[in-house]
1. Can you find a residue in the range 158-171 that is of a type in the set (D, E, K, R), in contact with a Ser or Thr (Cβ under 7 Å, 6 or more places away or on another chain) and part of a loop (DSSP other than H, G, I, E, B)?
2. Suppose we keep only residues that are at pLDDT below 85 and small (Gly, Ala, Ser) within the range 37-51. Which one would you say is nearest to residue 195 (Cα to Cα)?
3. Which residue pairs have Cβ atoms under 7 Å apart, sit 6 or more places apart or on different chains, and have a first residue in the range 174-192 that is of a type in the set (A, V, I, L, M) and a second that is in a loop (DSSP other than H, G, I, E, B)?
4. Can you name the residue in the range 83-93 that is crowded, with 20+ Cβ neighbours inside 10 Å and without any contact (Cβ under 8 Å) to a residue 60 or more places away in the chain and, of all such residues, is farthest from residue 120 (Cα to Cα)?
5. What residue, among those in the range 178-207 that are closer than 21 Å to residue 76 by Cβ and β-branched (Val, Ile, Thr), is modelled with the lowest pLDDT?
6. Residue under question is residue 139, and the condition is that it be in a strand (DSSP E or B), surrounded by 20 or more Cβ atoms within 10 Å (Cβ to Cβ) and among the β-branched types (Val, Ile, Thr); does it hold?
7. Give the residue that is farthest from the chain's Cα centre (by Cα), with candidates limited to residues of the range 135-172 that are farther than 16 Å from residue 115 by Cα and aromatic (Phe, Trp, Tyr).
8. So, in the range 96-129, exactly how many residues are assigned to a loop (DSSP other than H, G, I, E, B) and of a type outside the set (Asp, Glu)?
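The values are calculated or read from the model by the stated rules, or taken from the named source; none is laboratory data. Given the structure is predicted, the values throughout are model-derived calculations rather than measurements. Glycine gets a Cβ as well: all are built from the backbone with ideal geometry, and neighbour counts include every protein chain shown.
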Amino acid sequence: MKNTKSFILLFVLAFSLNFSYGQGEFMRKIKNTTWTFGLSDHIVVDGGKETSFPFNTKAWNIVPFPSRITVDGYFQKGWSFQTELAYTKYKVGNIMDNIPITKAGTYFGVDFNAKFAFSHWAKKEGWFDPYATVGYGFTYRSLAINKATGNNNLGLGSNFWIYKGFGINLQAMGKFVMKGGQKSNYTQYSFAIIYKLLAKKRNIGDK
């Protein structure tokens, strides 16, 4: 019985030390990561003919700022990982998948993307910071036949750094849904106000 208690005590002590170390390591990684936060407005172009942008405004779906939030964590060698949440509304009289909208609807999107900053090749920071992005997401459209579906993402964008970590972001993203066929694919154009919180420890050549 005494040996059992001793064993339990040692196990609890070892677990506590390991947990404390893991917590400390996690917090160090958080502190040593450059984070970029964004608030933006976005346009979902979902008329079934996405190449008509910006000419067919009946395919635009937009609500007042802010309707999209992003969090971006820098990894290494120009790569970062971003998650975003987006919301908008479908208005009566607009077009969705080549069909006129007769009742209001809602859109929700959640995306997880990897980004590569072309400025990494220059080995220096500048006000112009273009990138390519690819990832996966989830789309909910209350008016679609397939209301909920996964989507693959592919896009281009750029950050424009203005003053002490503050900047603006412009991005164009194609979203290729897994249900509904080609006419259900859509594009998303966004304008964001961003803020970059620099890591406490940075590597040479990192942003």
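1. no
2. The residue in question is 47.
3. 177/185
4. Going through the range 83-93, the residues crowded, with 20+ Cβ neighbours inside 10 Å turn out to be 84, 86, 88, 90.
Those still in the list that are without any contact (Cβ under 8 Å) to a residue 60 or more places away in the chain too: 84, 88, 90.
Values: 84: 23, 88: 34, 90: 39 Å.
Among those that are crowded, with 20+ Cβ neighbours inside 10 Å and without any contact (Cβ under 8 Å) to a residue 60 or more places away in the chain, it is 90.
5. In this case the residue turns out to be 204.
6. Values: in a strand (DSSP E or B): yes; surrounded by 20 or more Cβ atoms within 10 Å (Cβ to Cβ): yes; among the β-branched types (Val, Ile, Thr): yes.
Here the answer is yes, as residue 139 does meet what is asked.
7. Taking the candidates together, the pick is 163.
8. Going through the range 96-129, the residues assigned to a loop (DSSP other than H, G, I, E, B) turn out to be 97-98, 101-104, 123-127.
Next, from what is left, pick out any that are of a type outside the set (Asp, Glu): 98, 101-104, 123-124, 126-127.
Looking only at that region, the number is 9.
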